[in-house]
Amino acid sequence: MKTFVKTLTLGLTAGAIAAPAMAQELSLWSWRQEDRAVYEELIAAFEAEHPEITVTFEAFEASSYATILSTALAGDSGPDLMMVRAYGAFEAVAGANYLMPLTEADVPGLADMTAPAIAAQTLRADGKVYGVPFASQTMLVIYNKGIYEQLGLSEPQTWDELMANAKAVKDAGMYAFANGTATAWQNETIVSALTSSVVGSEFFDEIVAGTTDFTDPRYVSGLQHLQDISAYFPDGFTGLDYASSQQLFASGMAAMFAGGSFEIANFRAQNPDLEIGVFAAPGEAAEDEKLVGVFFDGGYAGNATTEHPEAVKAFLAYTATPEFGQVFANKLRNITPIAGVTLEDGLLNEIAELNRAAVPYIMLTNFRYEEPSGSVLLQAEVQKMLAGESTPEEAAEAVTSGIATYYAPFQD
């Protein structure tokens, strides 16, 4: 009997060593319903290298995603993997201890990402990284090359040239800019897209350092320039919403659209024949640095209570590899923070080049952590200013006063 038991035990032990790894099923949640096919392709490539791991992609409507995710995580029924927003919205999830902290040992690709990309997925309270950044977005001017060629226009090198281009388009009976201000968040994008070069990089360095505020003459000048150029927005632009603004540009009725690089895929989808160009709105002089506003869109994170932490880390490490980034960039048409990725899209290459002279999309990156957020304040004040209900100086003062209720550097 003793011999039999010993033989059986050895057999079981040997069998356990030789047996394949246990199957591990992971869920990945996203707000990007339109990207399903590409993510399933990326997942298939991962599963081919990790046959013991299965990943199921589930997407939700973007506007309700944050509520769905936070509710599920609070009820301990959230996904193993998830897309998370950046900056203040990211901290709402990370700060609740729902996410697993990540190190470069877990995700080696983090070591090659830029400091601003990592900061977007870092919890300020403990300085730990909780997500793998996945895309940058650039605030700039998108223009219709056909209209520019028709009117003999070139990309402007000074603010006066930008104004002259807008006047030439309007004089030709077309819309110079497609932008409206009825959708509040668009008012923040036009400030960054049109005024960054006028305001200048030194202001942004100082605002981040807390040595100036938004009543600074440089920022007020930027708002004044925005007010000036709004003369070339469509008639009744204060009642023009975001979707209608998009349609004006995509249909070929407007020469320019001040907004984010994230608009381009939509414009191409609406009108595949539209020939699009991009430029940084210039400063006063040709030699002034031409600046674009940049922010990071979100990241991939792991559930702190997942039953499969090593499998989750393996997938997160994959999302920071050049192999992942190559597909992400060239099929989803986004600029990835992953090093070593070649952009096949010529327009994305142009944007990546513009990003070499970038300033932060400041209200999101630095002032969307407490209430009233800088974004909410700026959006409302620009809406009022462009409706003729206030001045650039009054708008700047209102933004500064609102942030000063919780931000010590503005209280001096």
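Every read-out reported here was derived from the displayed coordinates using simple, explicitly stated rules and does not represent laboratory data. Just so it is clear, the structure is predicted and the values come from calculations on it, not from any experiment. Because the Cβ atoms are built from the backbone with ideal geometry, glycine has one as well, and the counts that use them run over all protein chains shown.
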Cut-off 10 angstrom, C-alpha nodes, Gaussian network model of the chain. Which of Leu226, Leu81, Leu347 fluctuates the most? Leu347
Separation between the Lys128 and Leu151 pseudo-spin-labels, each 7 Å from Cα along Cα→Cβ, expressed in nm? 5.4
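Give, as a single signed number, the net charge of other residues whose beta carbon lies under 12 Å from the beta carbon of Gly302, with Lys and Arg counted +1 and Asp and Glu -1.
-3
Quick check on my link table: of Lys145/Lys331; Lys290/Lys313; Lys167/Lys290; Lys167/Lys384; Lys128/Lys384, which ones sit more than 30 Å apart, alpha carbon to alpha carbon? Write down the numbers at each step before the final one.
Details: Lys145/Lys331 23 Å; Lys290/Lys313 40 Å; Lys167/Lys290 21 Å; Lys167/Lys384 24 Å; Lys128/Lys384 39 Å.
Check vs 30 Å cut-off fails for Lys290/Lys313; Lys128/Lys384.
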What are the extents of the Cα atoms of region 119-265 along their three principal axes, in Å, largest first? 56, 34, 29
Euclidean distance between Cα centres, region 241-301 to region 62-98, Å: 29
Using the Cα atoms of region 30-153, I'd like the radius of gyration and the largest Cα-Cα distance, Dmax, both in angstrom. 18.3, 60
Share of Cα-Cα pairs in the chain lying beyond 30 Å, as whole percent: 47
Simple SL model, points at 7 angstrom along Cα→Cβ for Ala408 and Ala285; separation in nm is 3.9
About the Cα centre of the chain, what is the dipole size in debye to 20, counting +1 per Lys and Arg Cβ and -1 per Asp and Glu Cβ, all else neutral? 1100
Run the numbers on region 311-412 and let me know its relative contact order in percent, using alpha-carbon pairs under 8 Å that are six or more apart. 14
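Helix by helix through the chain, keep the DSSP H runs that span 15 Å or more along the axis on Cα and average at least 0.0 on Kyte-Doolittle, and give those back in order.
Helix filter hits for the chain: 2-18, 36-49, 62-74, 184-199, 374-386, 392-404.
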Take the chain, mark every one of the GluC sites (Glu not before Pro) that falls in a DSSP loop and has at most 15 other Cβ within 10 Å, then report the longest stretch left between them, sites excluded. 105-274
